Amino acid sequence: MRGSYLPDNSISNSKEEVRLQVFLAHSGVASRRASEKIILDGRVAVNGVIVTGLGTKVSSKDKITLDGKPVSLEEQKRYVLLYKPLGVVCSQSDEKGRPCAVDLLKEKYSERLYNVGRLDMFSHGALIFTNDGDFAARLSHPSAEIEKEYIVESSLPLPRFLAEDFKHGIRVDGVFYKAKDAEEINSHKMRVVLVEGKNREIRRVFENAGVAIRNLCRVRIGNVELGEMKPGEFRDLTQTEVKDLLNLCKN
């Protein structure tokens, strides 16, 4: 089943002015918070004039450019689940020439899509893309406490109490890591559920325990599961999936 939300066209159908970062978020540039940094960096012009004030207001009749390229409101909001393959990075472009996850979507989608959250290049699995800045901001904020489920395979047998210790909390180099749930599937495989997802959390916990990770796959984000998808495959989220994801957000 395929589906997508229809956008809120109140901006495009109205002369009402909105803050520039809101306009950028509704244009699929980035989340509202990320758009604020883009403005502060002097990358956005309104009617030919660079602006860096977050209080700047614009309407659909203004000419907005980002890095010299026109920005316009998206006609349709997109919510896409990608099975990110190994060796692919989560950025819009990569200075080292590595393949980017978003490039896998460009043949099908003309909208400017960006990833909600990240997976490092040595991990694979579920990654959501959107051009809806408000949706991205709610989902990615730590206060949302959206569950993310991983299957972790180790090269060596897992330490006997690692899963239980992870659930109770482990301090590594002064940083406290705690899984919402962790369960040993067999001697070399563990299921881990995180709600905060600090940078490289699972890898640091395993490295601290002296265990090398052989395979790390994110199989679920909230109510959205990979199911039978294969690396590189993608699909639109259904309207129900999008609504349920937002309902799961605690912020």
- Query: Would you call LYS180 in contact with a strand residue (DSSP E or B) (Cβ under 9 Å, 6 or more places away or on another chain), more than 23 Å from LEU105 (Cα to Cα) and touching a residue at least 24 places away in the same chain (Cβ under 8 Å)?
  - Reply: yes
- Query: In the stretch 45-79, what count of residues is obtained for those that are surrounded by fewer than 16 Cβ atoms within 10 Å (Cβ to Cβ), touching a residue at least 12 places away in the same chain (Cβ under 8 Å) and either in contact with a strand residue (DSSP E or B) (Cβ under 6 Å, 6 or more places away or on another chain) or in a strand (DSSP E or B) (or both)?
  - Reply: 3
- Within the stretch 1-44, residues modelled with pLDDT of 75 or more, part of a loop (DSSP other than H, G, I, E, B) and not aliphatic (A, V, I, L, M) come out as GLU16, GLU17, SER27, GLY28, SER31, ASP41, GLY42, ARG43
- Only listed residue being more than 25 Å from GLY87 (Cβ to Cβ) and either in a strand (DSSP E or B) or in contact with a Gly (Cβ under 7 Å, 6 or more places away or on another chain) (or both), chosen from ILE151, ILE146: ILE146
- Task: Return the pairs, sorted by first residue and then second, in which the second residue is open to solvent by less than 90 Å² (accessible area, probe 1.4 Å) and part of a loop (DSSP other than H, G, I, E, B), the first residue lies in the stretch 80-108 and is at positive phi, the beta carbons are less than 8 Å apart, and the residues are 6+ apart or on different chains.
- Result: GLY87/ARG98; GLY87/PRO99; GLY87/MET121
- Report, by residue number, each residue of the stretch 206-251 that is crowded, with 18+ Cβ neighbours inside 10 Å, free of Cβ contacts under 8 Å to residues at least 60 places away in the same chain and not in a loop (DSSP other than H, G, I, E, B). PHE206
- Message: Out of the residues in the stretch 180-199 meeting the condition of being out of contact with any Asp or Glu (no Cβ under 8 Å at 6 or more places or on another chain) and part of a loop (DSSP other than H, G, I, E, B), tell me which one is nearest to ALA144 (Cα to Cα).
- Response: GLY197
- Task: Find the residue count for the stretch 128-169, including only residues that are over 25 Å from MET190 (Cβ atoms) and surrounded by fewer than 16 Cβ atoms within 10 Å (Cβ to Cβ).
- Result: 2
- Selection count where residues are over 24 Å from ARG78 (Cα atoms) and either of a type outside the set (Gly, Ala, Ser) or open to solvent by 50 Å² or more (accessible area, probe 1.4 Å) (or both), scope the stretch 18-44: 3
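The values are calculated or read from the model by the stated rules, or taken from the named source; none is laboratory data. From a predicted model like this one, the values you see are computed outputs, not experimental measurements. Quick reminder, even Gly has a Cβ in these numbers, built from the backbone with ideal geometry, and neighbours come from all protein chains shown. Accessible surface is based on the protein model in full, side chains and every heavy atom, while ligands, DNA and RNA are left aside. Shrake-Rupley method; radii C 1.70, N 1.55, O 1.52, S 1.80 Å.
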